[in-house]
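Take a look at the structure set out below.
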Amino acid sequence: MKIVLAENAGFCFGVKRAISLVEEQIKKNNGTQIYTYGPIIHNESVVNALAEKGVQVMGENDDPSSYTKGTVILRSHGVSKKVQDAIEAAGHATIDATCPFVKKIHNLAREASEKGEYIIIIGDPEHPEIQGITGWIEGDDYTVIQTPGEADNFSLNNNEKKILILSQTTFNYKKFQDIVEILDKKGYDINALNTICNATEERQEEAARIAGEVDVCLVIGGRNSSNTRKLYDICSERCERTHFIETADDLDPEMISDADVVGVTAGASTPANIIQEVIGRCQK
């Protein structure tokens, strides 16, 4: 059996940076309780490993003042200004582990809002990254669009108002283009910025290529990871035998039975050791 591993599988720059910031705080070990606001990344094994080192997850719906004062590391997906202000008002120190690419979107949204522009964000409204972005927009002059159907139904009463279009960093690039094309035909004054990070585009393109060349495709990542789910969708379109797994324990031998070539890719929050464990299980 031949195994083809995607070069872009596993931790991206933003995730590596976030984990490094947490590890730095652990090493300082100055007696201050360390929290992450929500899971630092969308990978249960990583969150559990940090918990074993004493890092607590501050619940997203909890009152920050109900926690013992400590250091709160803001998750890689980012948070709203309101959330950050509430954490600091409760007496916690904060360390911003927001991915720089996401932080750039925060700034673009804030600046456009201050200029009175309307903002459309293409992405999943339930995803923490989107919730963080909308939290930097003044008022409610924004819409989150996830599907072409929602784009078809979008309308704005003020046709003269400028519209800035942004995207969730992990959104499917082709779907982003399709939605922008629909919105562009409506005749609004639109400025569409592709804020999907380069690593996401490269990861998706490579996954699509590999899936079209293998008998079985394994996509590794957390079940609640948006970018891993999109990789699974992309691979499934090109390889019928595509499987979404979190760890090597999820790999059933039947998944790869009779396969001559197995492709392996992984989401941006998947540690290298988990990828290697899956490959090792395949080889056995």
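The values are calculated or read from the model by the stated rules, or taken from the named source; none is laboratory data. A quick note: this is a predicted structure, and the numbers were derived from the prediction, not measured. A quick note on method: Cβ atoms are made from the backbone with ideal geometry, for glycine too, and the neighbour counts reach across all protein chains shown. With ligands, DNA and RNA removed, areas are computed over all heavy atoms of the protein, side chains included. Shrake-Rupley method; radii C 1.70, N 1.55, O 1.52, S 1.80 Å.
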statement: Note on the range 124-225: contact order normalised by length, alpha-carbon pairs under 8 Å, 6 or more apart, percent, works out to 25
- request: Just need the Rg to Rh number for the range 182-226, please, alpha carbons only, Kirkwood Rh.
  value: 1.17
query: Over the range 187-284, with a single point scatterer placed on each C-alpha, what log10 of the ratio I(q)/I(0) does the Debye formula yield at q = 0.12, 0.15, 0.18, 0.19 1/Å?
result: -0.39, -0.57, -0.78, -0.86
task: Could you work out how far the C-alpha centroid of the range 92-125 sits from that of the range 167-196, in angstrom?
output: 16
- prompt: the range 62-118: D in µm²/s via Stokes-Einstein (Kirkwood Rh, Cα pairs, 37 °C, 0.692 mPa s)?
  reply: 264
- request: Heads up, I need the accessible area for His106: 1.4 angstrom probe, whole protein in place, Å², nearest 10.
  value: 0
Shape of the range 93-219, Cα gyration tensor, a/c cut at 1.5: oblate
task: Starting from the Cα of Ser66, step 7 Å along the direction of its Cβ; do the same at Ala90; then give the gap between the two resulting points in nm.
output: 0.9
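Carbon-plus-sulfur fraction of the accessible area of the chain, 1.4 Å probe, in percent?
43
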- prompt: Roughly how many Å² of Lys162 are accessible to a 1.4 Å probe, to the nearest 10?
  reply: 110
message: Pairs of alpha-carbon atoms within less than 8 angstrom and 6+ residues apart define the contacts here; what relative contact order does the chain have, in percent?
response: 22
Cα-only radius of gyration and Dmax that characterise the range 34-101, units Å: 11.3, 31
field: Karplus-derived HN-Hα couplings along the range 244-258 (A = 6.51, B = -1.76, C = 1.60, θ = phi - 60°), whole Hz, x at Gly and Pro
entry: 9, 10, 9, 9, 4, 5, 7, 7, 8, x, 5, 4, 10, 4, 6
Helix-only CD estimate at 222 nm, as mean residue ellipticity for the chain, using -39500 (n - 2.57) per DSSP H run (n ≥ 4): -12000 deg cm²/dmol
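If I stretch the segment between Glu202 and Asn153 completely, what's the gain in nm (0.36 nm per residue apart, minus their alpha carbon distance), one decimal?
14.6 nm
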message: For the chain, compute Rg over Rh where Rg is the Cα radius of gyration and Rh is the Kirkwood radius from the inverse mean 1/r over Cα pairs.
response: 1.01
- request: Skip the ligands, DNA and RNA, and give the accessible area per residue of the chain with a 1.4 Å probe, whole Å².
  value: 48
